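Just below is one structure, and these are the notes that go with it.
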Amino acid sequence: MPSEKCSLANKNSARGFDVIDTIKAALEAACPQTVSCADILAIASRDSAVEVGLSPGYPVFFGRRDSLTANISAANEFLPGPTLLYPELKQKFEAVGLNEVDLVALSGAHTIGRVSCRIVQLFLTDNDTNALFRENNAKVCPPNVDPFKVTNLDLTTPDTFDNKYYQNLLRGEGILRSDQVLWSTPGLINTPLVAEFAFTPFAFDLQFALSTIKMGNIQPLTGDQGEIRLNCAVANSPHASLVASQ
Ligand code: HEM
């Protein structure tokens, strides 16, 4: 089954699967076939964000089940990419029931983490970012650099979950085009919201929590739909539950 890990937006980008696999192995040892990989992802997302500064966190609802299949073509079609402009980002989010407030708030996750030079290089001539910032990015990611060398998404506080990401956008220092357009595209919702989040940390933390709960509840499999995977990387074989119960 072609993995969604290999879709355009994920290939050579999505990282950290080993952490999820370790959590899953511990859970399977303690309590076999009970906690889905989807639920592990939901709670690991919350706990890691809280660990680096999100406050006060939010409740995570359980009961998601894992899919029996993977759909790389859907991942290619529906996941947004960093070259998208505001109307396209809005449309991708709306297609899964998320609105502009969710788009602006969830993009704030780029307050932590890394981005590879092959992506930074795509935006070195975008003129809605500031010239000094672009010059610095060009030095960090020169043409002959290893394309997979990583740099920080939030140059101000790269490892802290805070609202500096939005202050960066006000200064024209959004690394991805999909970040900077949240501020540079005039709009009734996005521009006032970026400013509000830049000046009011609590407003960002609260909306991030609400939008994450909403994102985590997009069409989950529940009840007897899907399965509890034994290994998060692959769907169980048809005989897996039999093997697991023996
Ligand atoms: C608005 C649409 C989004 C686009 C176009 C986008 C795009 C990207 C790109 C291109 C990277 C860098 C990947 C790399 O170079 O390897 C990245 C990293 C990251 N994104 Fe997004 N993203 C979006 C939304 C989100 C959302 C909604 C979240 C979570 C709520 C998120 C969380 C992260 C994190 C934490 C990283 C850093 C990963 C790491 O350090 O390994 N992103 N994103």
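The values are calculated or read from the model by the stated rules, or taken from the named source; none is laboratory data. The structure presented is a predicted model; accordingly, all values stated were derived computationally and were not measured. In this analysis, Cβ positions are derived from the backbone assuming ideal geometry, glycine residues included, and neighbour counts consider all displayed protein chains. Keep in mind that these areas ignore ligands, DNA and RNA; they rest on the heavy atoms of the full protein, side chains included. Shrake-Rupley method; radii C 1.70, N 1.55, O 1.52, S 1.80 Å.
Can you go through THR129, THR151, THR125 and tell me which one is farther than 25 Å from MET215 by Cβ, of a type outside the set (Asp, Glu) and buried (at least 20 other Cβ atoms within 10 Å of the Cβ)?
Details: THR151 fails: buried (at least 20 other Cβ atoms within 10 Å of the Cβ); THR125 fails: buried (at least 20 other Cβ atoms within 10 Å of the Cβ).
That would be THR129, the only listed residue that is farther than 25 Å from MET215 by Cβ, of a type outside the set (Asp, Glu) and buried (at least 20 other Cβ atoms within 10 Å of the Cβ).
Collect the residues in region 4-13 that are within 12 Å of the ligand (Cβ to nearest atom) and either open to solvent by less than 50 Å² (accessible area, probe 1.4 Å) or touching a His at 6+ places or on another chain (Cβ under 9 Å) (or both), keeping them in residue-number order.
ALA9, ASN10, SER13
Considering (1) part of a loop (DSSP other than H, G, I, E, B); (2) within 14 Å of the ligand (Cβ to nearest atom), say which one SER45 fails and leave the rest.
For SER45, the exception is condition (1).
Output the number of residues of region 14-42 satisfying the condition of being open to solvent by 30 Å² or more (accessible area, probe 1.4 Å) and within 14 Å of the ligand (Cβ to nearest atom).
7
Any residue in region 195-202 that is open to solvent by less than 20 Å² (accessible area, probe 1.4 Å) and touching an Asp or Glu at 6+ places or on another chain (Cβ under 8 Å)? Give the derivation first.
Of the residues in region 195-202, the ones open to solvent by less than 20 Å² (accessible area, probe 1.4 Å) are 197-198.
Subsequent filtering for residues that are touching an Asp or Glu at 6+ places or on another chain (Cβ under 8 Å) retains none.
For region 195-202, residues open to solvent by less than 20 Å² (accessible area, probe 1.4 Å) and touching an Asp or Glu at 6+ places or on another chain (Cβ under 8 Å): absent.
Answer yes or no as to whether GLY81 is part of a loop (DSSP other than H, G, I, E, B), open to solvent by less than 50 Å² (accessible area, probe 1.4 Å), away from the ligand (no atom under 13 Å from the Cβ) and farther than 19 Å from LEU170 by Cβ. Outline the logic, then answer.
Working: part of a loop (DSSP other than H, G, I, E, B): yes; open to solvent by less than 50 Å² (accessible area, probe 1.4 Å): yes; away from the ligand (no atom under 13 Å from the Cβ): no; farther than 19 Å from LEU170 by Cβ: yes.
The answer is no for GLY81.
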